[in-house]
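Read through the structure below, which is laid out as structure tokens, and then see the notes.
Just so you know, all these numbers are worked out from the coordinates, no wet-lab data involved. Source: prediction; values computed, not measured. Using ideal geometry, Cβ is built from the backbone for each residue, glycine included, and neighbour counts are taken over all protein chains shown.
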């Protein structure tokens, strides 16, 4: 690297996709415990557009201060360019992937040609998949993993007083709402891997895709509300969450669980009456869990679906695609 700058996507103000600027930005400085990664691909995720919009859907007291200009993004796949002297386990030239510093705000900076990442956030990229598929995996895969398989940390839960606790899945019936999206399609596969009977909820055009991933049953929500079509379910993972997630209480068995991925549940009294546990968590970076997920990706046990790819310079178009909804898998930016 003969220059101190790189190309990146930065925000100078909040707004729609048109506020994303492709421009020169300072190269990140390598700090102790970090690895400098030459980025080949970037996965885009809902927190990216929440930031772009100024976190307008969060309560005002939850909205972080944003020091403009800021680089968006957390999910990367690339090649190690440099390693801090105290880092073990990674070497220059290694192919790696990870979710960088999430949920710490304003430091992940993944929409760029280079990113400095804590070594603990990274894992070796599975040899059997390319950078595009690896970049599509971290946040969506870790969210599904931490909700369904293992939380993997002891940090305080900002969404509820108690720690989130995944439930055993073997032999259980699990309904996944929003099953075709990033988190949803990982959740379908991980639940099947753990021995669950999986009911996938999505629009009809995704049925064959989800059955290929292992869904045992499919509900087209455009034809039948899932809360009318399913019953005696042990666990609902609602990847959409929000204020309508309480409708799933009535399809759960007593002693069942509802895991909303996004804020908005407000039926705690009804849940207690029905004997249903409602639990949420905030996904956190975790290199060791990514290593485990990587083994499944390498073996083909789990795969990441790519909805579409865009060059880094066209991040605006990628965000427009995300705003359009009905995404099958992940949207990824490519970095040349």
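Tabulated values for the structure
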read-out	value
Rounded if a/c under 1.5, otherwise prolate or oblate - the stretch 1-157, Cα gyration tensor axes	oblate
Degrees, to the nearest 10: 287-299 long Cα axis against longest axis of the chain	80 degrees
Between the stretch 9-23 and the stretch 126-192, the alpha-carbon center distance in angstrom	30 Å
Relative contact order (%) - criterion: Cα under 8 Å, at least six apart; region: the chain	19 percent
Likely footprinting exposure, 49, 62, fewest C-beta neighbours within 10 Å first	62, 49
Projected label distance in nm at residue 224 and residue 24, using a 7 Å step from Cα toward the beta-carbon	6.1 nm
Exposure proxy order (Cβ contacts within 10 Å, fewest to most) of 104, 279, 154	154, 104, 279
Most mobile of 37, 83, 188 in a GNM of the chain (Cα contacts under 10 Å)	83
Sum of -39500 (n - 2.57) over DSSP H runs of 4+, divided by residues of the chain (222 nm, nearest 500)	-6000 deg cm²/dmol
Rounded to 5, percent antiparallel among DSSP beta bridges of the chain	55 percent
Burial ordering of 336, 39, 276, fewest other beta-carbon atoms within 10 Å first	336, 276, 39
Gaussian network model of the chain, springs between alpha carbon atoms under 10 Å - residue of 122, 51, 237 with greatest fluctuation	51
Label corresponding to Rg/Rh (Cα atoms, Kirkwood Rh) when calculated from the structure given, among (1) 1.04; (2) 1.09; (3) 0.97	(3)
Percent RCO, i.e. relative contact order, over the stretch 143-278, from Cα pairs under 8 Å lying at least 6 residues apart	19 percent
Highest-MSF residue in the chain out of 136, 178, 242 [GNM, Cα springs under 10 Å]	242
Gyration tensor verdict on the stretch 95-185 (Cα atoms; rounded if a/c is under 1.5, prolate if a/b is larger than b/c, oblate otherwise)	oblate
Length added when fully stretched, residue 154-residue 31, from 0.36 nm per residue minus Cα-Cα	41.8 nm
Angle between the chain longest axis and helix 315-324 axis [Cα atoms, degrees, rounded to 10]	10 degrees
Acute angle (nearest 10 degrees) that the helix 138-148 long axis makes with the longest principal axis of the chain, alpha-carbon atoms	30 degrees
